[in-house]
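Laboratory data are not the source of any read-out in this text; all were calculated from the coordinates shown. Being a predicted model, the structure only gives us computed values, none of them experimental. Here the Cβ positions follow ideal geometry from the backbone for every residue, glycine too, while neighbour counts run over all protein chains shown.
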Amino acid sequence: MTIRVGVIGTGSIGTDHVKRLSSQVTGSTVSALYDIDTERVCEIASSVGAVAFDGPLGVIDSPLVDAVVIATPGETHAELTLACIEAGKPVFCEKPLAPTTEECLGILEAEIASGRRLVQVGFMRRYDRAYRTMKQAIDDRSIGEVLLMHCLHRNVSSPPTYTSSMPFTDSVIHEVDTSRWLVGEELVAATVVGVRKSAYAPEHLLDPQIVLLESASGILVDVEVFVNCQYGYDVRCEVVGELGVASLDPPRSTATLMTRVAADGVPPDWKVRFGEAYLVELQDWIDGLGQNVIAGPSAWDGYCATAVSQCCVRSLESGGRETVDLIEMPAFYA
């Protein structure tokens, strides 16, 4: 069985998904595309034998499409995801599920009303081999009870439009999801801590920043987010247990990491670091659709990640500890 996929959004990540689904993922083909850049989308459609539509709803409603990938800006995700649910079509939505918890709750309500899972959210780190090895060490209790986690998320540079809240809604949202997934608990509070500002950050941007996240059982997760680190794309995570530590491999070098100096083990961007995870993620999604199963990160996971990210933004604004407001998990997602 071949799953015919419509892709909405052919920017950087959308184009990569088109390439994977059309040539690397088994059991899928790309049949329809839409992007606001009509010239670009027509070129991509021609290269993979797909039809270019003049609107996103055309892709969703097309009889040529069995399932949809949403790779558009975050503010469009809720509307497009709801349209997919209404059409009864499975949808893979890149993070965030939606920018606000109110929009996320609307998606939960619509999916529950449909009677079946249709939504998967693009939290690709759950498919990364290193993170999965950490998850296994936690689940089999080889490091004992988890006490705390240390995380960092560094990018070479940020675009001019990046604001001080966006590191939490665009970057730390990945640490939020992986923390929840690794320890199997919800995050209940966040505190953003200001640090000395980098001279390489734009004047309007606080960078770097640190956020302290608290889990339901008291596990403390500290996350450094530094989106203008200059030297590379550097993601690390260490889980400290009572009997040991599980961690992602750090860069295999004792040399100082410097701007424009190649450092062993430090990739230049997220595409290189998580390229394999993106492929495994999409293959898992397609394999599941072939069996009428969606087992990846759910709309509930997307809602929780957005709720914690919004909590971080509130802490940034208030300068203090803020609590996460979550509804009780519906039985549908248990």
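Structure summary
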{"item": "Modelled FRET efficiency - R0 41 Å, GLU75 with ARG132, Cβ distances, 0.05 increments", "result": "0.85"}
{"item": "Length-normalised contact order for the range 1-56 - Cα pairs under 8 Å, 6+ apart - percent", "result": "35 percent"}
{"item": "Expected 222 nm ellipticity per residue - DSSP helices of 4 or more, -39500 (n - 2.57), all of the chain, to 500", "result": "-11000 deg cm²/dmol"}
{"item": "Those aspartates and glutamates that a straight Cα-Cα span of less than 15 Å connects to LYS197, excepting residues fewer than 8 apart in one chain", "result": "ASP207, GLU224"}
{"item": "Aspartates and glutamates with Cα under 12 Å of LYS135, excluding same-chain neighbours fewer than 8 positions away", "result": "GLU238"}
{"item": "Euclidean distance of C-alpha centroids, the range 271-334 and the range 116-156, integer Å", "result": "12 Å"}
{"item": "Dipole magnitude of the chain about its Cα centre (Cβ charges: Lys, Arg +1; Asp, Glu -1), debye to nearest 20", "result": "800 debye"}
{"item": "Lys, Arg +1 and Asp, Glu -1 on Cβ, resulting dipole of the range 1-105 about Cα centre, debye, nearest 20", "result": "480 debye"}
{"item": "Radius ratio Rg over Rh of the chain, counting only Cα atoms, Kirkwood formula for Rh", "result": "0.96"}
{"item": "Crossing angle, helix 101-114 versus the chain [Cα axis fit, 0-90 degrees, rounded to tens]", "result": "40 degrees"}
{"item": "Ellipsoid semi-axes in whole angstrom, largest first, where each is sqrt(5λ) of the Cα gyration tensor of the range 1-157", "result": "31, 20, 16"}
{"item": "Pair GLU238, ASP54: separation of 7 Å Cα→Cβ label points (nm)", "result": "5.8 nm"}
{"item": "Residue (of VAL235, VAL324, ALA110) at the positive-pole extreme of the chain, dipole from beta-carbon charges", "result": "VAL235"}
{"item": "Residue order, fewest to most beta carbons within 10 Å, for GLU94, GLU102, GLU203", "result": "GLU203, GLU102, GLU94"}
{"item": "Angle between the chain longest axis and helix 38-48 axis [Cα atoms, degrees, rounded to 10]", "result": "80 degrees"}
{"item": "25 Å Cα-Cα reach of LYS89 towards lysines, excluding residues that sit fewer than 8 places from it in its own chain", "result": "LYS19"}
{"item": "Cβ-defined net charge surrounding TYR162, 9 Å radius [Lys, Arg +1; Asp, Glu -1]", "result": "-2"}
{"item": "Label-to-label distance, nm, for residues given as ARG116 and ARG196 (7 Å Cα→Cβ offset)", "result": "5.8 nm"}
{"item": "Relative contact order [Cα under 8 Å, 6+ residues apart], the range 63-212, whole percent", "result": "17 percent"}
